[in-house]
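What follows is one structure encoded as structure tokens, with my remarks underneath.
Bear in mind that the values in this text are calculations on the coordinates, not laboratory data. Note that the coordinates shown come from a computational prediction; the quantities given were computed from them, not determined experimentally. Here the Cβ positions follow ideal geometry from the backbone for every residue, glycine too, while neighbour counts run over all protein chains shown.
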Amino acid sequence: MRLIKSITLSTLFFAATVSGSENNPSSSLHEVQTPVGSFYSSELSLEQNFPFSDMVHTAGGLVFLSGLVGSDDSGQLVSGGLGPETHAIFGQLKAHLAQLNLGLKDIVKCLVMIDDIEKWGDFNAIYTSYFVPPYPARSAMGADGLALGAALELECIAVKK
């Protein structure tokens, strides 16, 4: 349970720091290069000394994106539930990938955490409107206690060739 709370906390801050980047092209993450790859952190993550990176681009070309919840430019959960949250997540995801000149087509794996599995069909309808076949590999699980009381959290892995 402690691990889940820690992961959810990192998601909250990640979502708050990147949610406006699609509308603000000058927003970016701070990069630290290491022998294994580049680690990206938001200004908030650095200021608060959070023990996580928001995104990691490995030397082997994999890009790991921390989980996203559907927050707005101010870091608050968007209103309206699963649908608006899902669209907000995809806006954040596209903005983040763009910082590495990537897009949704470069995603190879997603992990979906949803608080009400009964709404899976609603989520899937939106999800498939953003991706085209061949779809990324995907895992899903029901999860209570997501950051900000979110209905959904999405974590993805992309490849930069």
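Structural remarks
- Every pair of different Cα atoms in the stretch 85-161 enters the Kirkwood calculation, which places the hydrodynamic radius at 13.0 Å.
- Potential lengthening of the chain between LYS105 and LEU62 amounts to 14.1 nm, from the contour at 0.36 nm per residue minus the alpha-carbon distance.
- Hits among lysines - C-alpha to C-alpha of LYS119 under 28 Å, sequence gap 8 or more where chains match: LYS5, LYS94, LYS105, LYS109
- Sorted by Cβ density within 10 Å, fewest first, the residues ILE117, ILE89, ILE107: ILE117, ILE107, ILE89
- Environment charge of LEU148, counting only residues whose C-beta is closer than 12 Å and scoring Lys/Arg +1, Asp/Glu -1: -4
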